[in-house]
Every structure is written in structure tokens, then in C-alpha cells.
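Peer 1: Submitted below is the structure of interest, expressed as C-alpha cells.
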Amino acid sequence: MKENFCSTCGQELRPNDLSVRCRLCMRNYHARCWEKTGGCTTWGCGGKPELSNNANAPEYKRCPYCGEEIISFAVKCRYCRSLIDPEAVALEEARYRDQITNEGTCFRKDPILTSLINLIFPGAGYMYIGQFSKGLLWFLIAVAAWFFTRGLGLIAVYLWVMYDSARQAVIVNHTSCPDHKTVVKK
């Protein structure tokens with residue numbers, strides 16, 4: 001499984017970052033971290049070149065949370081994944097809040113897809129738009145309709161659920177995106 005963080009500084013590797021992978025231990029690094037440390041920082045890995053003088057040797061510090069030895073410029077501990085720099089903690093919390101609130105973005109459910117999902121089983125469309133209890137209730141009603149009416153009642157339940165779940169999807173879209181900001185289909 002490919003790691004999505006640098007094994008030296010602990011920060012996330014973004015798709016546009018220049019990165020290096022150690023050919024021996026297969027750990028990922030930012031190119032600047034690889035150059036700064038002189039190679040791989042994994043204990044026991046031979047991917048780190050031998051330094052002739054100690055002036056270029058990287059400096060290490062201890063993680064305040066787990067006590068492991070990490071590179072001095074690390075922002076996150078590579079072992080316990082804890083944030084070390086208080087500014088980085090604030091930045092990570094702000095990034096997390098932005099992900100939660102989805103500022104400027106709202107998710108839209110397609111009414112036609114919601115209606116067609118009910119063909120899998122009656123009530124699946126309600127579950128798709130987030131109304132799980134209503135979907136389960138209509139599934140149980142469809143099972144009862146099959147046992148008591150043998151077909152005609154089940155067809156009526158299917159038609160009603162397909163119509164009503166599509167209508168509910170439109171209502172959910174209007175309540176979750178009232179001002180129609182950036183719309184993302186989910």
C-alpha cells in the first residue's frame with residue numbers, strides 16, 4: 001500500500017509535489033526532504049549514502065508524544081502521526097474544518113437515478129438520498145404487498161416509491177443547495 005505522506009517530515013504528499021521513492025524500502029519522500037537528509041531516513045535501510053563528514057549529517061529530535069527520534073524539521077511524527085508544530089496544528093484544524101463545512105459546495109442527488117435505484121429493491125432510492133428509515137419501511141411494505149396481493153400491490157408500491165423518492169430528491173436538493181452555489185453530483 002502506497003503511503004501518502006513523506007517519511008521524513010510527515011507532511012502529506014500532494015499530486016503536484018516532486019517526490020522520491022527509496023528503491024530499497026519503498027518509502028516516499030519529498031524531493032527536498034530527500035536532499036536535505038541525504039537519502040532515506042528509515043532505520044536499517046541501505047538507501048542512505050554514507051556521509052564522509054558529520055557536518056552534513058541531519059539533526060534529529062524526539063517526538064513529544066511518542067518519544068521516537070524524528071528529523072529536526074518534521075511537522076508530523078512519522079511514527080504516531082501527531083502534529084509537532086503548533087502552527088501546523090492550527091493549519092491542519094483549519095483544513096479539517098474546511099473539509100467538514102464544504103464551503104461553496106453542495107451535493108446534489110439526481111432524481112432520475114434516485115427513481116431507478118428503486119428497481120434494485122423498493123426503498124433503495126430513499127436510502128440513496130439519506131432517508132434510511134423511510135427506505136426500510138417501504139421495503140417492508142413491498143414485502144407485505146407481495147405476500148398479500150401477489151403482484152398488483154407490489155407494482156403499486158414500486159410505482160409510488162419511484163415517484164415519491166424522485167420527488168424527495170428534488171426537495172433534498174433545494175434544501176441543501178438553496179442558493180445553487182457550486183453543484184457537485186454525488
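The values are calculated or read from the model by the stated rules, or taken from the named source; none is laboratory data. The shown structure was predicted, so the numbers you read here are calculated from the model rather than taken from an experiment. Glycine gets a Cβ as well: all are built from the backbone with ideal geometry, and neighbour counts include every protein chain shown.
Peer 1: Applying the selection to segment 1-25, what residues are more than 20 Å from the chain's Cα centre (by Cα) and at pLDDT 75 or above?
Peer 2: SER7, THR8, CYS9, LEU18, SER19, VAL20, ARG21, CYS22, LEU24, CYS25
Peer 1: Here's something else I'd like to know. For segment 129-141, give me each residue that is surrounded by 21 or more Cβ atoms within 10 Å (Cβ to Cβ) and part of a helix (DSSP H, G or I).
Peer 2: Correct list: GLY135, TRP138.
Peer 1: Would you say ASP164 is at pLDDT below 70, of a type in the set (D, E, K, R) and either part of a helix (DSSP H, G or I) or surrounded by fewer than 13 Cβ atoms within 10 Å (Cβ to Cβ) (or both)?
Peer 2: For ASP164, the condition - at pLDDT below 70, of a type in the set (D, E, K, R) and either part of a helix (DSSP H, G or I) or surrounded by fewer than 13 Cβ atoms within 10 Å (Cβ to Cβ) (or both) - is not met.
Peer 1: Mind checking which residues of segment 12-24 are under 21 Å from GLU68 (Cβ atoms) and surrounded by 16 or more Cβ atoms within 10 Å (Cβ to Cβ)?
Peer 2: LEU13, CYS22 - these are the residues of segment 12-24 that are under 21 Å from GLU68 (Cβ atoms) and surrounded by 16 or more Cβ atoms within 10 Å (Cβ to Cβ).
Peer 1: Name the residues in segment 124-158 that are among the small types (Gly, Ala, Ser) and more than 16 Å from PRO111 (Cβ to Cβ), would you?
Peer 2: SER133, ALA142, ALA144, ALA145, GLY151, GLY153, ALA156
Peer 1: Could you tell me whether segment 137-159 includes any residue that is modelled with pLDDT under 85 and not aliphatic (A, V, I, L, M)?
Peer 2: Looking for residues that are modelled with pLDDT under 85 and not aliphatic (A, V, I, L, M), one finds at least one in segment 137-159, hence yes.
Peer 1: What pairs come out if I take residues in segment 10-28 that are farther than 21 Å from GLY44 by Cα and pair them with residues that are hydroxyl-bearing (Ser, Thr, Tyr) and outside any loop (DSSP other than H, G, I, E, B) whose C-beta lies under 6 Å away, six or more apart or interchain?
Peer 2: LEU13/SER19
Peer 1: Could I ask something else about it? Taking the condition of being in a helix (DSSP H, G or I) and at pLDDT 75 or above, how many residues in segment 63-101 meet it?
Peer 2: Matching residues across segment 63-101 total 0.
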